[in-house]
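These notes are about the structure you will find just below.
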Amino acid sequence: NDALKDEPDQVKRLDEQVTHYRQDLKKARLRDWVIGQGTFSMPMLLLSSVALIMLLTVFLFGFINNYLPYWLTESRTKSIKDPQFVSSFKYVIGMIAFPVWYLVVAGILAFTPLSGWSVLLYILSLPVTGLFAFEYFIQVKKLVARWRYHLGRKKPGMKHLMDLRKEIINRTVQLITQYRSFHENSR
């Protein structure tokens, strides 16, 4: 607030830089953590890719068996106007939808010639593989972002993003340091 009052031009320039940075990140389809983390080694990218390929069948099992309650949970949040309530709403709907789905599946499997142990193991595997599928999906998105950064890191647009991020951080640190020392001296 003091910086905004004392140096409105500096704060406005910083705000403009952040806005441009966010727009450029969106164009590059990247997030700040990718730029901030910096370089990713080719062996780690390859190893991560191979690991995710090897775990693809577990993901597919979890995805297929948990898609309906996940879709139900996601589709119901589109009608919520206030973003603050989206995660709470998802949580509540998920706490209802997933157990009901597992009970429906168990009921259907109860009428099959499968043994009780097979049905029990299958039902117990559903939440575990569902959570795995969700985490797998997130890891694939992160790996794609890392590859996108790694392959484009020498391009001018990516260099600009890295430089702009450094400049924003440096200017923010300068403002914080300047006004922290000002407040410490005024006490």
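Summary of values
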read-out: Any hit, the range 157-178, residues being within 23 Å of the chain's Cα centre (by Cα), open to solvent by 100 Å² or more (accessible area, probe 1.4 Å), at pLDDT below 90 and within 30 Å of A28 (Cα to Cα); value: no
read-out: From T129, T177, residue being part of a helix (DSSP H, G or I), touching a residue at least 60 places away in the same chain (Cβ under 8 Å) and of a type in the set (S, T, N, Q); value: T129
read-out: Search result, residues across the range 77-112 that are over 17 Å from G130 (Cα atoms), under 20 Å from the mean Cα position of the chain (by Cα) and open to solvent by 60 Å² or more (accessible area, probe 1.4 Å); value: K78, P83, Q84, F85, S87, S88, F89
read-out: Test: residue in the range 4-12 that is within 29 Å of R180 (Cα to Cα), of a type in the set (A, V, I, L, M) and without any contact (Cβ under 8 Å) to a residue 24 or more places away in the chain; value: yes
read-out: Any hit, the range 157-175, residues being under 20 Å from T73 (Cβ atoms) and not acidic (D, E); value: no
read-out: Conditions (1) of a type outside the set (D, E, K, R); (2) within 21 Å of L47 (Cβ to Cβ); (3) open to solvent by 60 Å² or more (accessible area, probe 1.4 Å); number of the one not met by Y136; value: (3)
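The values are calculated or read from the model by the stated rules, or taken from the named source; none is laboratory data. A quick note: this is a predicted structure, and the numbers were derived from the prediction, not measured. Because the Cβ atoms are built from the backbone with ideal geometry, glycine has one as well, and the counts that use them run over all protein chains shown. Each accessible area value is taken on the protein alone, full model and side chains, heavy atoms only, with ligands, DNA and RNA left out. Shrake-Rupley method; radii C 1.70, N 1.55, O 1.52, S 1.80 Å.
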